[in-house]
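The values are calculated or read from the model by the stated rules, or taken from the named source; none is laboratory data. Note that this is a predicted model, so its numbers are computed, not measured. In this analysis, Cβ positions are derived from the backbone assuming ideal geometry, glycine residues included, and neighbour counts consider all displayed protein chains.
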């Protein structure tokens, strides 16, 4: 149970700080400061959570990561389901806290949808959006699998490497899809946006569920092949 609580806290924090920063400063690629601040917020949150709950749950806080770990034999199916539920609940609660904070403070949400993902940056193309999410998730999960491999020997620097990898994929992805690479991170804001009468994020939500899961699964298969001694 403690593992699931840790995943809940980690995912809630990721959405609260990452999406919260996007809501506050905006993500316009023309005005790069908000763009970079949002990328840093997501990456640095991962760094903090890796050293906070990493020793308890492994700090997946992402269903795509948990799927890759499951496929490579690092967790049981029952634990995967527990992680998945905890992550989605954490993301939804994190978004609800943002709705409360921004609502009570009458602060303008500069993303228009609680930091939810969308296809505006790829001109509404579902195929392009899926491709972006698959590729970015593949890269991110490959880094995680490499860093956490028993053969890696990165020691206490693993959390830093993973966090900066997330910053990197956000720098490319924010202007295209808002960068999900995490189904739970997309689900929470979309649900709270819909409750607040903005159902647009729900229309393309499946892209940000399927894309990251496919990317994570591909990373698991490719990394297992690369690491195999056969």
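Structure summary
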{"read-out": "Any hit, region 104-111, residues being within 20 Å of the chain's Cα centre (by Cα) and within 16 Å of residue 187 (Cα to Cα)", "value": "yes"}
{"read-out": "Selection status of residue 28, assigned to a loop (DSSP other than H, G, I, E, B), free of Cβ contacts under 8 Å to residues at least 40 places away in the same chain, within 21 Å of residue 108 (Cα to Cα) and touching a helix residue (DSSP H, G or I) at 6+ places or on another chain (Cβ under 8 Å)", "value": "yes"}
{"read-out": "From 52, 12, residue being touching a residue at least 40 places away in the same chain (Cβ under 8 Å), buried (at least 24 other Cβ atoms within 10 Å of the Cβ) and out of contact with any strand residue (DSSP E or B) (no Cβ under 7 Å at 6 or more places or on another chain)", "value": "12"}
{"read-out": "Region 98-119 - residue that is assigned to a helix (DSSP H, G or I) and touching a residue at least 12 places away in the same chain (Cβ under 8 Å) and, of those, surrounded by the fewest Cβ atoms within 10 Å (Cβ to Cβ)", "value": "101"}
{"read-out": "Some residue of region 145-166 being touching a residue at least 12 places away in the same chain (Cβ under 8 Å), over 22 Å from residue 43 (Cα atoms) and surrounded by fewer than 23 Cβ atoms within 10 Å (Cβ to Cβ)", "value": "yes"}
{"read-out": "Test: residue in region 79-97 that is in a helix (DSSP H, G or I), modelled with pLDDT of 95 or more, surrounded by fewer than 23 Cβ atoms within 10 Å (Cβ to Cβ) and more than 18 Å from the chain's Cα centre (by Cα)", "value": "yes"}
{"read-out": "Residue check for residue 36: assigned to a helix (DSSP H, G or I), more than 14 Å from the chain's Cα centre (by Cα), in contact (Cβ under 8 Å) with a residue 60 or more places away in the chain and surrounded by fewer than 23 Cβ atoms within 10 Å (Cβ to Cβ)", "value": "yes"}
{"read-out": "Subset of region 55-64 (residues that are surrounded by 23 or more Cβ atoms within 10 Å (Cβ to Cβ) and over 11 Å from the mean Cα position of the chain (by Cα))", "value": "57, 59"}
